[in-house]
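The values are calculated or read from the model by the stated rules, or taken from the named source; none is laboratory data. The structure presented is a predicted model; accordingly, all values stated were derived computationally and were not measured. Cβ sites come from the backbone with ideal geometry, for glycine too, and all protein chains shown count toward neighbours.
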Amino acid sequence: MPETVVITGASAGIGRATARAFASRGANVALLARGRAGLEAAAHEVEQAWGQALVLPTDVSDHQQVEAAADTAVATFGRNDVWGNCAFASVFAPFTEITLEEYARVTQVSYLGFVNGTRTALAHTMSHDRGTIVQVGSALGSRSVPLQSVYCGAKHTINGFTSSVRTELMHQGSNVRVTLAQMPAVNTPQFSWVLSRLSKSPQPVPPIYQPEIAARAVLYAADHLGRKQYYVGASTAGVPMPAPPNCGSPTTRPSRRPS
């Protein structure tokens, strides 16, 4: 039976590339994001890659929508094997120029969207004690930069949240696994559609990786469950490391912190 994968933020960037990557090995892929047009385009790519696609327009900040989407995916495909949290929002601006409403919205999507996804995934995986959740993190969850305080804050929070949930599952003896894939700068559409109050167009900090590299790292993290987190790219890891098998040019290494 093909594996079933649910991906948030599936209409563009890392999420969309991850959907294609899972589809290339015959997976059923449930695609979650707000924009139907992007989801339909992603679904076409999934089917071209020999996967089965299910389009589920969803605002990940709304836990009821996330739960309904997951229920539909499980009813359609039979189960949920992998859940990938990729959705995010952001604002490029000095901290004092970001409104409280903007802070709330980014937090609802970029952090609470992961909470909603993780909670929903656990509801479907813990009953049969099998499944994997991959959180798409960022180097900015460890090394903050100016003009992205709201995004950096969300990514730092995801690190702490994921570590706590992972430890709880280990203590319970659960076979459900949660891991992080910490991403470097990636060439995604975010820099053209994210709200910006900067005088110049924001650009990722080199070295810049293609979404397909990030997607292969998400697959690798889903398949290799023994690590707390994976670092993708030398700029994220801090030290150049050999790429793992079948993972292209991203570098991964286990966290040196205690598990």
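Data table
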quantity: Count of the stretch 178-201 residues which are surrounded by fewer than 21 Cβ atoms within 10 Å (Cβ to Cβ) and either touching a Cys at 6+ places or on another chain (Cβ under 9 Å) or not aliphatic (A, V, I, L, M) (or both); calculated: 11
quantity: Flag for Gly131 being at pLDDT below 95 and crowded, with 21+ Cβ neighbours inside 10 Å; calculated: no
quantity: Contacts under 6 angstrom Cβ, first residue in the stretch 19-30 being under 9 Å from Trp50 (Cα atoms), partner among the aliphatic types (A, V, I, L, M) and not in a loop (DSSP other than H, G, I, E, B), 6 or more apart; calculated: Ala23/Val29; Ala23/Val46; Ala27/Val5
quantity: Residues located in the stretch 44-62, provided they are among the hydrophobic types (A, V, I, L, M, F, W, C) and within 12 Å of Phe22 (Cα to Cα); calculated: Val46, Ala49, Trp50, Ala53
quantity: Flag if Thr157 is within 20 Å of Asn116 (Cα to Cα), surrounded by fewer than 16 Cβ atoms within 10 Å (Cβ to Cβ), modelled with pLDDT of 90 or more and hydroxyl-bearing (Ser, Thr, Tyr); calculated: no
quantity: Yes/no for Val46 being within 16 Å of the chain's Cα centre (by Cα) and within 26 Å of Pro211 (Cβ to Cβ); calculated: no
quantity: Qualifying residue in the stretch 222-229 (condition: modelled with pLDDT of 85 or more, part of a helix (DSSP H, G or I) and more than 20 Å from Arg177 (Cβ to Cβ)); calculated: no
